[in-house]
Structures are given as structure tokens and as C-alpha cells.
1. From the list 38, 67, 23, pick out the single residue that is under 15 Å from residue 3 (Cβ atoms), more than 11 Å from the chain's Cα centre (by Cα) and either modelled with pLDDT under 95 or not basic (Lys, Arg) (or both).
2. Let me confirm something: among 88, 48, 32, which residue is touching a Lys or Arg at 6+ places or on another chain (Cβ under 6 Å), among the small types (Gly, Ala, Ser), more than 19 Å from residue 121 (Cβ to Cβ) and surrounded by fewer than 20 Cβ atoms within 10 Å (Cβ to Cβ)?
3. Cβ-Cβ below 7 Å, separation at least six or inter-chain, first residue in segment 86-110 and free of Cβ contacts under 8 Å to residues at least 60 places away in the same chain, second polar (S, T, N, Q) and part of a helix (DSSP H, G or I): which pairs?
4. Could you tell me whether residue 28 is part of a helix (DSSP H, G or I), out of contact with any Ser or Thr (no Cβ under 8 Å at 6 or more places or on another chain) and in contact (Cβ under 8 Å) with a residue 12 or more places away in the chain?
5. Within the bounds of segment 3-11, is there any residue that is under 17 Å from residue 112 (Cα atoms), without any contact (Cβ under 8 Å) to a residue 60 or more places away in the chain and assigned to a helix (DSSP H, G or I)?
6. Tally the residues that are hydrophobic (A, V, I, L, M, F, W, C) and on the phi > 0 side of the Ramachandran plot, restricting the search to segment 44-72.
7. Kindly evaluate residue 113 against the criterion of being loosely packed, with under 15 Cβ neighbours inside 10 Å, closer than 23 Å to residue 16 by Cβ, touching a helix residue (DSSP H, G or I) at 6+ places or on another chain (Cβ under 7 Å) and aromatic (Phe, Trp, Tyr).
8. Out of (1) touching a residue at least 60 places away in the same chain (Cβ under 8 Å); (2) within 14 Å of the chain's Cα centre (by Cα), the odd one out for residue 16 is which?
Amino acid sequence: MKVLVVDDETDVQLLFEQRFRREIRAGEINFAFAHSGEKALFYLNEHASEYVLILSDINMPGMSGLELLRLIKTTYPAPPPVVMMITAYGDTDSYDQAMQLGADAFLTKPLDFTTLKEKLKNVL
């Protein structure tokens, strides 16, 4: 499974690589990382047929995760990738907006990696 993680915090890459070390080594999950919505769109354009799931932070400078979600769901309609939104703010407004835009899940920081691994297994 290919997973694109979009977050402006660069330490997120190390965190995911540590928490998913076993799955990465076994070849079950392959992560790519983009540190902005704009870089995520560039990556998706270059690797359009490879991704299965996108994990995106909502609050990022430049393009927000919600704007990225809207563009993904309208640009890649068949089949649309699974998009899970991540935010440090579990407010209902962000949740409602993410769900209206087609988010498949809404997670809050700090991430519960046990829950995240279960959600990823359900996508497989």
C-alpha cells in the first residue's frame, strides 16, 4: 500500500518511519512525504496511479489540507484515493467541512498509531 503523508512538520516523517518500521520492512506499506499541499499535488501528478491513501494535516501554510482534499476529490475522481484528515484541533467546524469535502476519516493529534494502523488495515 502506498501512503502519501502531507504535513508541514518535517519531524512527522521520522515519526511515521519509526512507528511503521515493521510494516515498511515487510513491504506492506510504502510512505511518501510532502511538506505542503502544493508539493502533495505535484507528487500526485507525478505518481498518479501509485497512491492508495493520503493522510493530510489540515492546518498548513499556503494551501490548507481542506483545500488539498477538495482538489484531490475533484481531480482524481475514478477511483478517488482514500483521504484521512489529521488536525491538532478537533473542532466540529473542521470535522464537518472535511466530511462535506469527502474525507474518509478525521484523526486528531497526537496521533494514536494503534488506531491509525487499524484504519489502514481496513483500506487494504
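1. Numbers: 38 fails: under 15 Å from residue 3 (Cβ atoms); 67 fails: under 15 Å from residue 3 (Cβ atoms).
Being under 15 Å from residue 3 (Cβ atoms), more than 11 Å from the chain's Cα centre (by Cα) and either modelled with pLDDT under 95 or not basic (Lys, Arg) (or both) holds for just one of 38, 67, 23, which is 23.
2. Values: 48 fails: touching a Lys or Arg at 6+ places or on another chain (Cβ under 6 Å); 32 fails: touching a Lys or Arg at 6+ places or on another chain (Cβ under 6 Å).
The conditions single out 88.
3. As it stands, the answer is 87/94, since those pairs meet every condition given.
4. Here the answer is no, as residue 28 does not meet what is asked.
5. Yes - at least one qualifying residue is present in segment 3-11.
6. Here the count works out to 0.
7. Details: loosely packed, with under 15 Cβ neighbours inside 10 Å: yes; closer than 23 Å to residue 16 by Cβ: yes; touching a helix residue (DSSP H, G or I) at 6+ places or on another chain (Cβ under 7 Å): yes; aromatic (Phe, Trp, Tyr): yes.
Answer is yes for this residue.
8. (1)
The values are calculated or read from the model by the stated rules, or taken from the named source; none is laboratory data. On a predicted model such as this, the values are computed, not experimentally measured, just so you know. Reconstructed Cβ throughout: ideal geometry from the backbone, glycine too, with neighbour counts over all protein chains shown.
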